[in-house]
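Visitor: Sharing a structure here in structure tokens format.
The values are calculated or read from the model by the stated rules, or taken from the named source; none is laboratory data. Please read all numbers here as calculations on a predicted model, not as lab measurements. Don't worry about glycine lacking a Cβ; one is built from the backbone with ideal geometry, like all the others, and counts go over all protein chains shown.
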Amino acid sequence: MGELEGKVAFITGASRGIGRGIAQRFSAEGAQVVVNASRMGAHGDLEGTLEQTVSMIQAAGGKAAAVACDLSSVEARADLIERASEAFGPVDILVNNAAGSTMTLPSVATSEERSFMFDMNVNAPIDLAQQAMPAMKERGAGWILNISSATAFQPQLPYRDSKLAAWVIGPYGASKAALNRYTEALAHEVAEHGIYVNAMAPTSIVLTQGADYVRDIARKHPDWAEPVEMMAEGALELCSGQHVGRVTYSRDIVHAVNRPLKALDGVEVIGDAFTLADVEAPPR
């Protein structure tokens, strides 16, 4: 049996990238997966649709369904967990991966821009967690993982990238810092109910399908990128173990528990916490 056999997982922002990778890895461990993005997408799209994510999981023998929802809308997300539960039953695992950003200098970021980021990156994850927790409490078990970002902390000097790049990420990073703090508080409140709440950020830029710019960066700076499998493996640990209020990085959690790094199919061992992204591998 897989680590998530019999569990229902709901993953936002799963039409591509990190969310899709986590969905594939969870499915490989036996979870029934419900994925979310703002729209389903059209047949024939090359990549980046919920339909494609569901098709990939089903082709590998897994069970998957999709629920499209614009998370930036308070009204649209008001019953999202209820809708997600219609496919396979109550949600055991919630991964809040979807996020929104506007690259704006802190000195000129408008109220509208700041409100958008805090609503998408703080309020939406909290709303979904609050929707999911009653059923988790009833069953005495549940896992909530909020995907965070290293931008929650000001980059150290000298900046690895340009000054402008370090500055414009600040308002987005502030929203992720707020998410981290809320994660810790919520985790300590609900741990007694068997609900494990944590946050995890990529250690480096994540190499996913279609991320050609990351591939170019990794060729020049191998340590600046990580394989999407690193995030998927870290998420699996935090959504199956008994961790309370961790705010951690992908490589750190994989290393802390000495997990082998597996391919998204859950079969092949491709390395460990120190494994770099394979920039020459075909996109998944």
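Visitor: Using the structure shown, decide if Thr183 is in a loop (DSSP other than H, G, I, E, B), modelled with pLDDT of 95 or more and out of contact with any Leu (no Cβ under 7 Å at 6 or more places or on another chain).
Guide: It is false that Thr183 is in a loop (DSSP other than H, G, I, E, B), modelled with pLDDT of 95 or more and out of contact with any Leu (no Cβ under 7 Å at 6 or more places or on another chain).
Visitor: Can you name every residue in the stretch 244-282 that is in contact with a strand residue (DSSP E or B) (Cβ under 7 Å, 6 or more places away or on another chain), at positive phi and in a loop (DSSP other than H, G, I, E, B)?
Guide: Within the stretch 244-282, just Gly245 meets the criteria.
Visitor: Quickly run through the stretch 189-205 and pick out the residues that are surrounded by 17 or more Cβ atoms within 10 Å (Cβ to Cβ), at pLDDT 95 or above, of a type outside the set (Val, Ile, Thr) and more than 13 Å from Ala129 (Cβ to Cβ). Reasoning before the result, please.
Guide: Taking the stretch 189-205 first, the residues surrounded by 17 or more Cβ atoms within 10 Å (Cβ to Cβ) are 190, 195-205.
Filter again for at pLDDT 95 or above, leaving 190, 195-203.
Keeping just the survivors that are of a type outside the set (Val, Ile, Thr) gives 196, 198-202.
Matches in the stretch 189-205: Met200, Ala201, Pro202.
Visitor: Sticking with this structure for a sec: Hey, can you tell me all the residues within the stretch 176-188 that are of a type outside the set (S, T, N, Q) and either under 22 Å from Gly271 (Cα atoms) or surrounded by 15 or more Cβ atoms within 10 Å (Cβ to Cβ) (or both)?
Guide: Lys176, Ala177, Ala178, Leu179, Tyr182, Glu184, Leu186, Ala187
Visitor: Of the residues Asp79, Asp92, only one is of a type in the set (D, E, K, R), exposed (fewer than 14 other Cβ atoms within 10 Å of the Cβ) and closer than 21 Å to Ile195 by Cα; which? Steps first, please.
Guide: Details: Asp92 fails: exposed (fewer than 14 other Cβ atoms within 10 Å of the Cβ).
Residue meeting the stated conditions: Asp79.
Visitor: Could you list, in sequence order, all residues of the stretch 87-132 that are under 29 Å from Leu4 (Cα atoms) and aromatic (Phe, Trp, Tyr)?
Guide: Result: Phe88, single match.
Visitor: Separate question: Just one of Ala256, Ala263 is in contact with a Ser or Thr (Cβ under 9 Å, 6 or more places away or on another chain), surrounded by fewer than 22 Cβ atoms within 10 Å (Cβ to Cβ), modelled with pLDDT of 95 or more and over 17 Å from Ile147 (Cα atoms); which is it?
Guide: Working: Ala263 fails: in contact with a Ser or Thr (Cβ under 9 Å, 6 or more places away or on another chain).
Sole residue among the options that is in contact with a Ser or Thr (Cβ under 9 Å, 6 or more places away or on another chain), surrounded by fewer than 22 Cβ atoms within 10 Å (Cβ to Cβ), modelled with pLDDT of 95 or more and over 17 Å from Ile147 (Cα atoms): Ala256.
Visitor: Among the residues in the stretch 220-232, are any at pLDDT 95 or above and either exposed (fewer than 15 other Cβ atoms within 10 Å of the Cβ) or farther than 12 Å from Val206 by Cα (or both)?
Guide: no
Visitor: Consider Thr208 carefully, then state whether it is crowded, with 16+ Cβ neighbours inside 10 Å and either within 20 Å of Ala14 (Cα to Cα) or in contact with a strand residue (DSSP E or B) (Cβ under 7 Å, 6 or more places away or on another chain) (or both).
Guide: On the way: crowded, with 16+ Cβ neighbours inside 10 Å: yes; either within 20 Å of Ala14 (Cα to Cα) or in contact with a strand residue (DSSP E or B) (Cβ under 7 Å, 6 or more places away or on another chain) (or both): yes.
So Thr208 passes the test.
Visitor: Under 6 Å by Cβ, and 6 or more places apart or on different chains, what pairs join a residue from the stretch 240-264 that is under 20 Å from Ala9 (Cα atoms) with one that is surrounded by fewer than 19 Cβ atoms within 10 Å (Cβ to Cβ) and not aliphatic (A, V, I, L, M)?
Guide: What qualifies is Ser240/Glu3; Gly245/Glu184; Gly245/His188.
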